[in-house]
Amino acid sequence: MNRRDLLRAAGCASLLPFVTTLVGLFPRVAQARVVAAFEAKTAREVLDALFGDASIQPTDAITFSAPDIAENGAAVPLEIRSTLEGIDTLVVVATENPRPLIASYRFSGHSGLPVELRIRLAGSQEVVLIARANGQLYRSSRLIQVTIGACGVA
Amino acid sequence: MTTQGIRARVRVDARGTATVRTLIAHPMQPEERDAGGVLLEAQHIIEEVSVTLNGETVLTLACGQGMSANPLLTFALHGVSRGDEVGIAWRDNRGQSDSADFTVA
């Protein structure tokens, strides 16, 4: 390493705390895709990566229809509705999948629920929805039984 | 790329709320390993779907490997009129992408 490289490296390093501070100012889920959350291997790690230690309230205001018993874990249909106003974020987590985070929606005022999607479930498990409305996080969950899991790979 | 891989149907009601139902052709291959941890199939998944209304981004959906193959997605758009353009685009973790525009009938 010559002198110029050394100076450049030192310059970048000195910027790091500044950049980290900037990132910390914004809710982490505001990034388009939070890689650490999608690579997390437990639901706990997913929530930590997305929301830190923000408190999450249980709610009945988010409902999802899904089969109580899904024949095929490769494509389990979910339909998600809510009576909450102003939802800007919706996250779908399959707690027992090897990679629990399935989807993270970011809505503008021009888009929103209801949404439908099809998910892979590695086996019978609790599926958790987290929504953010007016800065508050809400949680709703449901147990879905799966007859044939998605080969343990979802 | 061609738009063969994205199909969509947009239905708008009298209050200007559109229900968009889209089908995206993609394998959404999860990572597969054998019992010893040896990689059998590498991950090949859509990482992000974005939706525009008349060119403005109104919805982004970040995806993980738990999304089923050939994602079938339904969502609502507000303030939609006939003649508006709904754009749907995706990119995956191998740098492939596709997009298509649909005019609200």
Subject >> Verdict on B:M28 being modelled with pLDDT of 95 or more, within 12 Å of another protein chain (Cβ to nearest Cβ) and on the phi > 0 side of the Ramachandran plot >> reply: yes
Subject >> strands (runs of 3 or more DSSP E) wholly inside the range B:1-89 containing at least 2 residues that are closer than 24 Å to A:V127 by Cβ >> reply: B:18-24, B:46-53, B:56-63, B:72-77
Original post:
Can B:Q65 be described as among the polar types (S, T, N, Q), facing chain A (nearest Cβ under 7 Å) and under 17 Å from A:R33 (Cβ atoms)?
Top reply: yes
Original post:
With the range A:30-138 as the region, which strands (runs of 3 or more DSSP E) entirely inside it contain at least 3 residues that are more than 14 Å from chain B (Cβ to nearest Cβ) and more than 11 Å from the chain's Cα centre (by Cα)?
Top reply: A:56-58
**OP:** Run down B:D92, B:D34, B:D84, B:D13 and say which single residue is charged (D, E, K, R), within 25 Å of A:A150 (Cα to Cα) and open to solvent by 20 Å² or more (accessible area, probe 1.4 Å).
**Re:** B:D34
Original post:
Do we find that A:Q145 is over 21 Å from B:L61 (Cβ atoms) and more than 14 Å from chain B (Cβ to nearest Cβ) in this structure?
Top reply: yes
Original post:
Within the range B:75-100, can you find the residues that are under 28 Å from B:E41 (Cβ atoms) and within 8 Å of chain A (Cβ to nearest Cβ)?
Top reply: none
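The values are calculated or read from the model by the stated rules, or taken from the named source; none is laboratory data. Note that the coordinates shown come from a computational prediction; the quantities given were computed from them, not determined experimentally. Every residue, glycine as well, gets a Cβ built from its backbone with ideal geometry; the counts of neighbours run over all protein chains shown. Remember, those area values only see protein heavy atoms, side chains included, never the ligands or the DNA or RNA. Shrake-Rupley method; radii C 1.70, N 1.55, O 1.52, S 1.80 Å.
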